[in-house]
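Worksheet for the structure shown next.
The numbers here are math on the coordinates, done by the rules we state, and not lab data. Model, not experiment: these values are computed from the prediction. Virtual Cβ from ideal backbone geometry, glycine too; neighbours counted across all protein chains shown.
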């Protein structure tokens, strides 16, 4: 009976933690630990709580000492149950869908983003993470996913691109600033999110509504060589981001 109780608590814990893999390993572990204690485990009964090296699974090892009653007659006072639970995620073999057509600049030497950091996208000015950028002559980080043109760009921005894109695939840039569709698409997402779920301060994975239109998948793109014409650029990864606001100042 005790083994079953502990096993169920451990199973629920790793399932909860795995939801934050592969990008948020620390949150995965703390979430698993919280679920464990909430479901009746003592902190001392959690022997280990680890994420695999590939960040695709989490394993919890537990131990509970169970007092015996009848076996005391033959000198055995207690026993130990040690359930182990593991939960993981699998890569999507069909590629990523629903991407917005705006790339987060990513070079061969700097291809990461920091959770909780505010980034300004598609804005003319000095280049760099955390600031604004012009990624190349005539390019401001917009992407022509599926087809070029303002109409396709707006559709992709509102609904997310429905085609399949994998890491290392090449996509074309959308040249020019396309300010009208950008303003419409981003403002629609922000306004709908505010109307349905209200404003969100300091958004984190634990606090934002899961299906809010302000929560978007953003391709991380190596814009090296992007010029004034539509050119192929490489997808290096994907970022999960929250659209905070839109301003037309400075394009």
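A few notes on this one:
- The calculated FRET efficiency for the pair residue 50 and residue 89, based on their C-beta separation and a Förster distance of 25 Å, comes to about 0.95.
- With N the number of residues in the chain, Rg(Cα) / (2.2 N^0.38 Å) evaluates to 1.33.
- For the pair the stretch 43-64 / the stretch 169-227, the C-alpha centres are spaced 35 Å from each other.
- Inter-label distance, nm, simple model (7 Å from Cα along the C-beta direction), residue 39/residue 191: 4.4
- Spin-label zone in the stretch 97-116 - amide nitrogen under 14 Å from a point set 7 Å from the Cα of residue 151 along the C-beta vector: none
- Rounded to whole Å, the principal axis extents of the Cα atoms in the stretch 104-242 read 40, 33, 30, largest first.
- Simple spin-label estimate for residue 170 and residue 207 in nanometres, 7 Å along Cα-Cβ: 4.3
- Antiparallel content of DSSP bridges confined to the chain, in %, to 5: 90
- The eigenvalues of the Cα gyration tensor, multiplied by 5 and square-rooted, give the stretch 2-88 an equivalent ellipsoid with semi-axes of 30, 11, 9 Å from largest to smallest.
- Max mean-square fluctuation residue, GNM over the chain, Cα-Cα springs under 10 Å, options 135, 81, 216: 81
- Rounded tilt (10° steps) of 25-38 against the dominant C-alpha axis of the chain: 40
- Helix 2-18 axis versus longest C-alpha principal axis of the chain: approximately 10°, rounded to the nearest ten.
- If you run the Gaussian network model on the chain, springs between alpha carbon atoms under 10 Å, then out of 37, 50, 80 the most flexible one is 80.
- GNM flexibility winner over the chain from 171, 66, 200 (Cα, springs under 10 Å): 66
- Counting only alpha carbon atoms, the long axis of helix 179-197 and the longest principal axis of the chain meet at about 30°.
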